[in-house]
Amino acid sequence: MQPIILERIVHKVYNGYRIIAVCISKIFDERKYSFIKALSDHAGKAGYRLFIYHTCSDLYWQTKAEKGETAVFQLIDYDITDIVVTFEEGFFDAETLENIRTEAAAHGKPVVCIGAEHEGCINVTFDFKTGFEQVVRHVVERHGIKDVCLIAGLKGEKDSEERIGVYKKVLRENGIPFDEDRLYYGDYWSAPTIKAVRKMIGKNDVPRAVICANDMMAITAGAELQKQGYRIPEDVIITGFDGSVEAKYCTPMLTTSECSYDNMSEMLIKLFEDILAGKTVEKDISVNYSLDISQSCGCIAEAIQINTGEHIRKLRDRFNRYQDEERVLYETSSEFMTCDSPEECSRILGDFDFDRTAVVINKECLDDTVNPVGNRREKAFDDEMCLLFCTESDINDLPKDFNKRSVIPWLDKALEAGDPLVISALCFTDIPQGYVCFYFPIRMEEYGKIPLYVNFLNTSIGSYRNVKYQKYMARHIEDIYKLDTLTELYNRNGFYNALEKLERGENKYALVVSVDVDGLKYINDHYGHEAGDYAIRAAAEAVNSVKLENKICGRFGGDELALFAYVNSDCGEQVKAQIAEYLSELNRKSGKPFALSASVGAAVSSADTDFDEIMKLSDKRMYEEKSRKPNRRRD
């Protein structure tokens with residue numbers, strides 16, 4: 001083995017602990033769960049804490065949703081991380097793993113790769129080959145069986161082909177010819193395995209021993225053979241591989257080969273200590289599998305019986321709770337997506353009563369004007385984010401601003417408890433929305449619900465944003481329909497619609513003001529149409545600045561502006577003065593080469609008088625004023 005020498009890493013412990021960043025997929029898988037539980041136990045005793053950056057899928061299909069999931073690894077804070085661990089079994093996105101290694105190297109952080117070999121890393125691999133060879137040799141050499149077949153995994157898959165090679169090697173060394181017709185593929189799962197067993201029964205070629213490339217296929221093959229009247233192990237020996245927990249609960253209990261994650265984790269912590277101390281360590285480390293002999297090969301007639309009924313009860317309880325939570329989450333999601341406010345979103349999450357969970361989102365998720373599927377972010381997560389929910393936080397204080405470097409509120413308390421922080425990205429298709437952090441105790445029934453919770457949050461937040469954005473767009477389209485784009489006053493149609501809804505209250509009179517910009521043609525001809533637009537906007541601002549409650553202001557076309565309000569007195573002259581004063585002050589500050597002015601006509605009549613009748617009078621007075629001005633020829 002080639003040694004690797006690392007510089008001593010000088011790092012101030014984070015909140016009293018050294019941090020291991022574990023990058024992993026599908027933590028609820030039995031093997032990965034066992035690894036995390038064992039590593040956390042040994043890490044806690046040595047003063048380490050686990051920050052687990054996790055994806056719910058194995059990233060095999062490279063879908064948009066999977067691409068969004070990988071954003072979680074951008075949350076790794078290398079300034080507080082001491083060791084980066086990548087658990088690469090069942091993690092099919094090589095580019096993402098390469099990016100993690102590159103980023104860690106750029107920050108001077110060592111990377112320990114579990115289940116793979118990479119240049120510049122400490123590589124810890126499982127000796128599947130030797131472990132599987134132990135099982136095959138036990139059947140062929142210990143039991144002396146020559147009548148044997150193999151149910152392999154996926155055809156062409158690396159690990160499956162390696163196990164086929166081991167099988168052929170042991171047969172060859174024991175003078176047993178390899179029979180291609182006795183090689184079956186179970187794809188590591190139940191249905192193809194049942195098909196393989198039925199095929200061998202159908203052609204009356206059931207061997208004395210069936211060696212399987214994993215435990216799930218062995219359990220399935222044994223159950224199907226027993227169903228067809230074969231006795232295990234009296235008629236057929238069955239063996240598995242990988243040491244799953246189910247191997248202890250089948251009848252008879254399964255002979256297999258397993259890795260001790262407890263021993264492996266103890267070794268890893270010692271390795272981490274050496275790395276951080278700058279000691280020379282081996283670059284390539286192999287983890288052994290050990291043969292676990294039980295009843296299915298006939299070596300042990302009676303084993304310590306495990307209460308399978310209790311195991312089934314726990315599984316059934318877990319399944320029933322999962323179904324119940326799935327139903328409640330569906331109802332909660334429907335309620336969440338129609339929330340009127342972010343505060344209501346936080347309250348709904350609080351009503352569900354998540355156990356030790358924090359939900360942190362980008363602030364744009366609460367911005368109605370941002371298209372949730374059309375906004376391509378440069379960074380997956382903002383530095384300043386929004387805490388939408390946290391189990392320990394007062395729901396009345398949420399949502400609130402939150403810096404992502406803090407990971408979760410009450411971090412000290414979570415670290416003291418010692419349970420890992422499991423962090424998953426929240427995304428809508430491939431667009432990151434935030435992250436969720438679970439810091440509950442390590443229990444399979446809790447970890448098994450992580451994808452359910454993540455999918456619920458993805459759907460709920462994404463749907464909420466979609467609904468809010470659609471409502472915003474509906475309002476925006478309505479505004480386009482009723483507002484003038486240049487002045488943002490009502491257009492003619494919007495003005496008349498607003499007029500119908502305006503309440504007169506106790507007011508006895510109706511005021512109509514007509515406004516026309518002076519010298520607009522002159523301004524356009526001598527200074528350009530941008531200057532002309534400026535003049536119209538300025539006149540509109542002057543009209544809109546009039547201090548009257550419940551006024552309606554509109555642009556009827558060109559430079560024709562109008563104001564309507566219900567009033568208690570004839571205040572037309574005061575309104576004209578306010579408009580003139582506004583334009584005079586604007587001229588003083590604008591620095592434009594021309595002065596703005598407007599001709600204004602005002603008319604007041606009974607509140608019951610038709611608007612158009614009053615406007616005819618205000619227009620007449622406006623044109624009379626314009627005709628008296630010396631620059632009227634410029635219009």
>> Looking at region 415-426, can you tell me whether even one residue there is over 18 Å from S460 (Cα atoms) and surrounded by fewer than 16 Cβ atoms within 10 Å (Cβ to Cβ)?
In response: yes
> Looking at D401, D353, D382, D412, which is the one that is more than 20 Å from F428 (Cα to Cα), in contact with a helix residue (DSSP H, G or I) (Cβ under 9 Å, 6 or more places away or on another chain) and not basic (K, R)?
Replying inline: D401
>> Can you confirm whether V72 is touching a strand residue (DSSP E or B) at 6+ places or on another chain (Cβ under 6 Å), touching a residue at least 40 places away in the same chain (Cβ under 8 Å), in a helix (DSSP H, G or I) and assigned by TED's automatic domain parsing to the domain that holds F35?
In response: yes
> Which members of region 351-373 meet the condition of being touching a Ser or Thr at 6+ places or on another chain (Cβ under 8 Å), modelled with pLDDT of 90 or more and assigned to a loop (DSSP other than H, G, I, E, B)?
Replying inline: F354, D355, R356
> Any idea which of (1) surrounded by fewer than 16 Cβ atoms within 10 Å (Cβ to Cβ); (2) modelled with pLDDT of 95 or more is the one N550 doesn't satisfy?
Replying inline: (2)
> Which one is surrounded by the fewest Cβ atoms within 10 Å (Cβ to Cβ) among residues in region 604-635 that are under 11 Å from S514 (Cβ atoms) and touching a Leu at 6+ places or on another chain (Cβ under 9 Å)?
Replying inline: I614
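If the requirement is being in contact (Cβ under 8 Å) with a residue 24 or more places away in the chain, more than 19 Å from V454 (Cβ to Cβ) and acidic (D, E), which of these qualifies: D79, D58? Don't jump to the end; show me each part of the working.
Numbers: D58 fails: more than 19 Å from V454 (Cβ to Cβ).
From the options D79, D58, the qualifying one is D79.
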> Do you know which residues across region 327-350 are assigned to a helix (DSSP H, G or I), touching a residue at least 40 places away in the same chain (Cβ under 8 Å) and among the β-branched types (V, I, T)?
Replying inline: T332
>> of a type in the set (S, T, Y) and in contact with a helix residue (DSSP H, G or I) (Cβ under 7 Å, 6 or more places away or on another chain): which single residue out of S606, S599 fits that description?
In response: S599
>> Can you find a residue that is buried (at least 21 other Cβ atoms within 10 Å of the Cβ) and over 25 Å from A602 (Cβ atoms) anywhere in region 468-478?
In response: yes
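Residues are listed down the side, and each one gets a yes or a no for (1) within 34 Å of the chain's Cα centre (by Cα); (2) on the phi < 0 side of the Ramachandran plot; (3) of a type outside the set (G, A, S); (4) assigned to a helix (DSSP H, G or I):
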residue: C437; (1), (2), (3), (4): yes, yes, yes, no
residue: N455; (1), (2), (3), (4): yes, yes, yes, yes
residue: Y472; (1), (2), (3), (4): yes, yes, yes, yes
residue: H476; (1), (2), (3), (4): yes, yes, yes, yes
residue: T487; (1), (2), (3), (4): no, yes, yes, no
residue: N493; (1), (2), (3), (4): no, yes, yes, yes
residue: E500; (1), (2), (3), (4): no, yes, yes, yes
> Restricting region 386-398 to residues that are touching a helix residue (DSSP H, G or I) at 6+ places or on another chain (Cβ under 9 Å) and assigned to a strand (DSSP E or B), which is surrounded by the fewest Cβ atoms within 10 Å (Cβ to Cβ)?
Replying inline: C386
> Here are G572, G601, G591: which of them is surrounded by fewer than 21 Cβ atoms within 10 Å (Cβ to Cβ) and modelled with pLDDT of 95 or more?
Replying inline: G572
> Take the residues of region 82-105 that are touching a residue at least 12 places away in the same chain (Cβ under 8 Å) and aliphatic (A, V, I, L, M): which is farthest from L426 (Cα to Cα)?
Replying inline: A105
> Which residue out of D612, D525, D619 is of a type in the set (D, E, K, R), in the same structural domain as E500 (by TED's automatic domain parsing) and closer than 21 Å to L483 by Cα?
Replying inline: D612
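Residue by residue, here is whether (1) of a type in the set (S, T, N, Q); (2) free of Cβ contacts under 8 Å to residues at least 40 places away in the same chain holds:
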position	(1), (2)
D355	no, no
D368	no, no
R377	no, no
K404	no, no
E416	no, yes
L421	no, no
Q433	yes, no
Y439	no, no
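Which residue out of Y435, Y472, Y496, Y464 is within 30 Å of A538 (Cα to Cα) and in the same structural domain as D382 (by TED's automatic domain parsing)? Write out each step before concluding.
On the way: Y435 fails: within 30 Å of A538 (Cα to Cα); Y496 fails: in the same structural domain as D382 (by TED's automatic domain parsing); Y464 fails: within 30 Å of A538 (Cα to Cα).
Sole residue among the options that is within 30 Å of A538 (Cα to Cα) and in the same structural domain as D382 (by TED's automatic domain parsing): Y472.
The values are calculated or read from the model by the stated rules, or taken from the named source; none is laboratory data. Since the structure is predicted, the reported quantities are computational estimates derived from the model, not experimental observations. Reconstructed Cβ throughout: ideal geometry from the backbone, glycine too, with neighbour counts over all protein chains shown.
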